[in-house]
Amino acid sequence: MTEVAAADLSLFNTLALPGRAARYARIVTADQLAARAFSEGRRFILGGGSNLVLSGDFDGLVLHMAIPGKRLIHEDTDAFYVEAGAGENWHDFVQWTLQQGWPGLENLSLIPGTVGAAPIQNIGAYGLEVGEIFHALTAWDFEKQAFLTFGREQCRFAYRDSVFKQEGWHLSGRMAITSVVFRLPKAWQANMRYADVTQELASRNIATPTPRDIADAIIAIRQRKLPDPAITPNAGSFFHNPVVDLVLADALARDFPTLPRYPQADGRVKLAAGWLIEQAGWKGKNLGPVGMYEKQALVLVNRGGATGTDVRRTMLAVQADVRAKFAVDITPEPIFL
Ligand code: EPU
């Protein structure tokens, strides 16, 4: 499809915020990206819109990544290498790999969004981050006017972070990821690093889970805790879990003994932002049409009719209250356009 003028973006972001793009094109093949018109002016690369806060109208070009396709590209004695187009729905892709008998992605079931967006913020849940089973990706570089390949090292994955965020390539629209290859080891082991998963399987009397059992357990946990964007618009976790130095973590633990703490490899400590927000009084609380979800305080929800300005107001109020009570800064996870 070629470019069209003035597209409504409210259906393309899971917070259901209003906004229009001055220019818009749906991308269904990688080669379309080389069109000269797409290199001019401001640009935003849109995936599933599940990690996005629209501030209002966007006076530029939105390239909506809808490249389809999923296939086994290689198999060796140790692993399956599976490729998917950037526009594939993440959850559907994960379920398809399980059906094919290529497990490894099951812990990331039911995460909203697209395959192409997954590496950008290194999506993670229930003891697995996508970087751990990532092999390579292809991206169109609008500056170099060429397709580039990134291996795992080049992606510089970290907690909810990658080279695409670190270098600002995502926000500037410099790179559009077109396809991703995952390496799924044949020696499969159930990943039950996360206590909730172990508990859910125990409650189902499953001692030796299959990949499908793990996926089903995770789907059930997510459905219990997280709001369905089709019913209650949201963008998943709205803040990162903050990582603080040991001195502050120890001081907080003295004052708040039940504060969940996760020691990191570098000696620092990750704290549960959802807990901090709940203790700051925000669980189930609204400011205007935007609130923090009653079953998971880390999830910001649009109660109906909110704008980007409303989201920002609630975000700032939550951050201020957490800072006042705990001296901890929490930063937003979504991209602001
Ligand atoms: N907690 C509270 N109150 C709340 C929410 C959480 O006290 O309202 C406590 C929980 O009791 C638990 C701890 O905080 O002790 C952690 O909560 P949870 O297991 O729900 O996970 P999370 O840290 O809030 C992270 C990810 C999620 C991911 C889950 C499961 C981030 C920013 N979020 O949430 O990812 O699904 O772990 O692995 O790292 C997302 O990024 O959009 C997302 C949903």
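The values are calculated or read from the model by the stated rules, or taken from the named source; none is laboratory data. Being a predicted model, the structure only gives us computed values, none of them experimental. Because the Cβ atoms are built from the backbone with ideal geometry, glycine has one as well, and the counts that use them run over all protein chains shown.
Structure data summary
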{"read-out": "Entirely in the stretch 145-236, the helices (runs of 4 or more DSSP H) that have 3 or more residues that are within 28 Å of Gly291 (Cβ to Cβ)", "value": "195-203, 211-225"}
{"read-out": "So Val82, is it in a strand (DSSP E or B), touching a helix residue (DSSP H, G or I) at 6+ places or on another chain (Cβ under 8 Å) and closer than 30 Å to Asp216 by Cβ", "value": "yes"}
{"read-out": "Exclusive hit being surrounded by fewer than 23 Cβ atoms within 10 Å (Cβ to Cβ) and over 16 Å from Ala176 (Cα atoms), set Ala79, Ala34", "value": "Ala79"}
{"read-out": "Scan of the stretch 287-337 for residues that are free of Cβ contacts under 8 Å to residues at least 24 places away in the same chain and in a strand (DSSP E or B), ordered by number", "value": "Gly291"}
{"read-out": "Qualifying residue in the stretch 256-269 (condition: surrounded by 14 or more Cβ atoms within 10 Å (Cβ to Cβ), assigned to a strand (DSSP E or B) and either out of contact with any Phe, Trp or Tyr (no Cβ under 8 Å at 6 or more places or on another chain) or not acidic (Asp, Glu) (or both))", "value": "yes"}
{"read-out": "Count of residues meeting criterion [surrounded by 20 or more Cβ atoms within 10 Å (Cβ to Cβ) and within 10 Å of the ligand (Cβ to nearest atom)] in the stretch 223-240", "value": "7"}
{"read-out": "Any hit, the stretch 74-89, residues being over 26 Å from Ala158 (Cα atoms) and in contact with a strand residue (DSSP E or B) (Cβ under 8 Å, 6 or more places away or on another chain)", "value": "yes"}
{"read-out": "Tally, over the stretch 119-162, of residues that are of a type in the set (Phe, Trp, Tyr), crowded, with 16+ Cβ neighbours inside 10 Å and within 20 Å of the chain's Cα centre (by Cα)", "value": "4"}
{"read-out": "Pairs with Cβ under 7 Å, 6+ apart, first in the stretch 87-102 and on the phi < 0 side of the Ramachandran plot, second β-branched (Val, Ile, Thr) and in a loop (DSSP other than H, G, I, E, B)", "value": "Gly87/Ile67; Glu88/Val115; Trp90/Ile111; Trp90/Val115; His91/Ile111; Phe93/Val115"}
{"read-out": "Output for the stretch 272-301, where each listed residue is surrounded by 19 or more Cβ atoms within 10 Å (Cβ to Cβ) and more than 15 Å from the ligand (Cβ to nearest atom)", "value": "Val290"}
{"read-out": "Any hit, the stretch 102-110, residues being assigned to a loop (DSSP other than H, G, I, E, B), under 14 Å from the mean Cα position of the chain (by Cα) and modelled with pLDDT of 95 or more", "value": "yes"}
{"read-out": "Odd one out for Tyr194, checked against (1) aromatic (Phe, Trp, Tyr); (2) farther than 26 Å from Phe12 by Cα; (3) at pLDDT 95 or above", "value": "(3)"}
